[in-house]
Amino acid sequence: MPSVDELKAQGNAALQNNDTETAIKAYSEAIALDPKNHVLYSNRSAAYAQKSSYSDALADAEKCIEIKPDWVKGYTRKATALEFLERFSEAEIVLNRALEMDPNSQMVKDSLQTVKKGIIYEKTKESVASNPKLAHYLNDPDYCKNLKSFFTNPAAIATLLSDPRMKDTFEHLYMSEMDTSEPTSPPNREPPPPSKAPEPEKPKLSDEQQKALQEKDLGNAAYKKKDFETALKHYDAAIALEPNNVTFHSNKTAVYFEMKDYDQCLKICEEAIEIGREHRADYKLIARLLARMGSCHEAKGELQAANKFYGKSLSEFRSPDVIKKAQTLKKLLDEAEKQAYINPELAEEEKKQGNKAFTDGRYPVALQHYTEAIKRNPTEAKLYSNRAACYSKLMEFPSALSDCEKCLELDPNFVKGYLRKGACHIAMKDLYQAKKAYSKALELDPECGEARDGLRQTYTSDVDPEQARQKALNDPEIMAIMSDPAMRMILNQMEDPKAVREHLANPEIAAKFAKLVDAGLVSIR
């Protein structure tokens with residue numbers, strides 16, 4: 001009987017070949033052997049989603065989260081299923097939870113943007129349904145598809161407006177906005193301003209308190225002139241008159257900080273905080289003293305201690321200045337930690353273990369080793385290429401594509417990086433980008449058979465031409481060509497073969513024209 005890992009590998013291979021039935025069967029058999037394996041439910045959820053069985057995909061994603069609630073991918077699987085079920089508001093809640101767990105995940109951020117567009121689409125449908133003249137349009141799936149594409153692909157608005165129903169819809173939405181933004185009845189006369197409440201009387205200060213404030217003012221004046229000895233003398237006089245006033249102690253710490261006497265500054269901060277706690281001083285004053293302790297430690301190069309005191313300060317009061325300091329310091333600490341972790345020898349060892357796991361079909365294990373190798377040697381392009389291959393096996397094509405981009409950023413002449421990138425784009429049904437990747441690989445290695453086969457596949461793949469065109473229109477290069485007035489004029493002359501031949505004699509125009517042909521936006525008969 002096959003093991004769990006063997007069944008999972010069979011499922012992954014079947015899913016990669018779009019054989020969802022076989023994939024689901026393999027994952028189900030693996031789950032029967034290991035019902036607490038969260039990855040199996042995640043993979044089967046992906047298979048159900050690919051099969052368009054979105055309710056089953058949702059159930060598996062929820063089971064995955066139940067088993068391992070701290071795994072981000074479980075939440076993204078659930079959000080994907082909810083998105084397909086057009087339960088966009090629920091998907092947003094799930095993705096926000098995922099973003100809390102992994103704030104740097106670009107995939108989660110992109111998914112969240114898509115879901116937010118879906119929420120707007122949902123609200124638009126409700127608005128259309130409330131209009132008796134438009135409501136019956138919602139019975140037509142083509143209309144609903146066009147309405148949805150307006151939010152997912154605003155560039156298609158020109159095409160959509162050719163449908164009179166869409167024109168009616170946009171007019172309705174515009175008028176609805178006007179109705180809600182302007183008052184429908186004359187505004188009421190403004191009520192008379194409320195009478196001012198009498199200001200509470202300021203508590204009378206004792207003679208000692210008044211003298212203490214005078215000393216503080218003299219200290220402040222000396223501080224501004226950088227006459228620190230005089231400032232300390234006046235602050236000490238104020239403290240002698242009113243020893244429990246934390247502000248005077250805080251002012252004294254500021255002087256020692258400016259004098260770069262950080263040890264003395266820390267000592268007085270501690271004493272001031274103790275006094276403040278005992279006499280229930282304003283929490284903002286306590287926060288300021290804690291932040292100053294953080295600044296002292298940072299100035300002394302004691303970054304971990306500085307980070308600790310900034311955190312304590314922010315737990316008292318979230319001052320924008322301290323937040324900024326803490327964030328800047330955290331970046332420094334993270335970068336220092338990354339640099340200290342780098343070890344190319346250990347990276348090579350992790351890569352070898354990853355390669356072995358990959359060969360054995362244990363892709364999640366391989367992924368862990370490649371990720372560790374990247375942490376140990378983040379400038380090695382081949383490691384990103386290897387991890388991209390792993391993500392592809394796990395059907396995580398956006399993550400695979402991101403690794404391909406990083407690989408080529410580090411080594412623009414790495415042919416395998418372009419091959420993996422092309423394969424990702426084919427899997428994501430973005431044939432134009434796949435052609436670009438394979439063409440670049442052939443440019444670097446004209447004898448590369450894999451690149452030729454990939455390029456050939458882009459011309460024979462069974463992809464909806466309209467879908468391919470819409471994807472191509474999102475490419476910045478294509479957008480620039482289509483918005484070029486000269487190119488638009490040339491395209492308008494397409495019916496005149498002689499004019500086209502004359503234009504194509506210009507190499508620059510011919511190159512742009514070829515890109516439009518490759519993207520499926522222009523056809524030659």
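Between GLU405 and THR359, what length in nm is gained on full extension when 0.36 nm per residue of separation is reduced by their alpha carbon distance?
14.2 nm
Taking LYS224 as the anchor, which aspartates and glutamates have their alpha carbon closer than 19 Å to its alpha carbon, excluding any fewer than eight residues away along the same chain?
Answer for LYS224, where 19 Å is the Cα cut-off: GLU215, ASP236, GLU258, ASP261, listed by chain and number.
Could you state the number of Å between the C-alpha centres of segment 346-377 and segment 228-300?
Centre-to-centre distance over Cα atoms comes out at 52 Å.
Based on alpha-carbon positions alone, could you give the equivalent ellipsoid semi-axes of segment 225-317 from the gyration tensor, as √(5λ), descending, whole Å?
21, 18, 9
Quickly rank 355-361, 40-46 as a protection proxy: mean count of other C-beta atoms within 10 Å, highest first.
Result, highest mean Cβ count within 10 Å first: 40-46, 355-361.
Below 8 Å, C-alpha to C-alpha, sequence gap of six or more: please give me the relative contact order for segment 225-317 in percent.
23
³J(HN,Hα) across segment 74-81 via Karplus (A = 6.51, B = -1.76, C = 1.60, θ = phi - 60°), whole Hz, x for Gly/Pro?
Once rounded to whole Hz, the list reads x, 5, 5, 4, 5, 4, 4, 4.
Which semi-axis lengths, in whole Å and largest first, follow from the square roots of five times the eigenvalues of the Cα gyration tensor of segment 311-381?
Gyration-tensor ellipsoid for segment 311-381: 37, 14, 8 Å.
Given 37 °C and 0.692 mPa s, how large is the Stokes-Einstein diffusion coefficient of segment 342-388 in µm²/s, with Rh as the Kirkwood radius over Cα pairs?
Diffusion coefficient, whole number: 331 µm²/s.
Rank by packing, highest mean first: peptides 82-90, 278-286, with packing defined as the count of other Cβ atoms within 10 Å averaged across residues.
Order by mean packing, descending: 82-90, 278-286.
Would you compute, for the Cα atoms of segment 344-474, the largest minus smallest coordinate along each principal axis and list the three values in descending order, in whole Å?
47, 27, 26
Ordered by packing density, taken as the mean number of other Cβ atoms within 10 Å over each peptide's residues, highest first, how do 332-341, 419-428 rank?
Ranking the peptides 332-341, 419-428 by packing returns 419-428, 332-341.
Just tell me which lysines come within less than 23 Å, Cα to Cα, of LYS435; anything on the same chain fewer than 8 places away is out.
Filter leaves LYS382, LYS393, LYS406, LYS416, LYS421, LYS471, LYS512, LYS515.
Report the equivalent ellipsoid semi-axes for segment 24-145 in whole Å, largest first, defined as the square roots of five times the eigenvalues of the gyration tensor built from alpha carbon atoms.
Computed over segment 24-145, the values are 31, 18, 9 Å.
Which aspartates and glutamates, if any, have their Cα less than 16 Å from the Cα of LYS125, not counting same-chain residues under 8 positions apart?
GLU83, GLU86, ASP140, ASP142, ASP168, GLU171, GLU177
Output wanted: per-residue J couplings in Hz (rounded whole) for segment 428-437, from phi through Karplus 6.51 cos²θ - 1.76 cosθ + 1.60, θ = phi - 60°, x for Gly and Pro.
Once θ is set to phi - 60°, the couplings for segment 428-437 become 8, 6, 10, 5, 4, 5, 5, 4, 4, 5 Hz.
In the structure shown, do any of LYS116/LYS312; LYS211/LYS324; LYS116/LYS338; LYS211/LYS312; LYS216/LYS324 have a Cα-Cα gap over 32 Å, and if so which?
On the way: LYS116/LYS312 36 Å; LYS211/LYS324 37 Å; LYS116/LYS338 34 Å; LYS211/LYS312 34 Å; LYS216/LYS324 29 Å.
Violating the 32 Å Cα-Cα cut-off are LYS116/LYS312; LYS211/LYS324; LYS116/LYS338; LYS211/LYS312.
No value in this document is a laboratory result; all are computed from the given coordinates. No experiment lies behind these values; they were computed from the predicted model shown. All Cβ positions, even for glycine, are placed from backbone atoms using ideal geometry, and neighbour counts span all protein chains on display.
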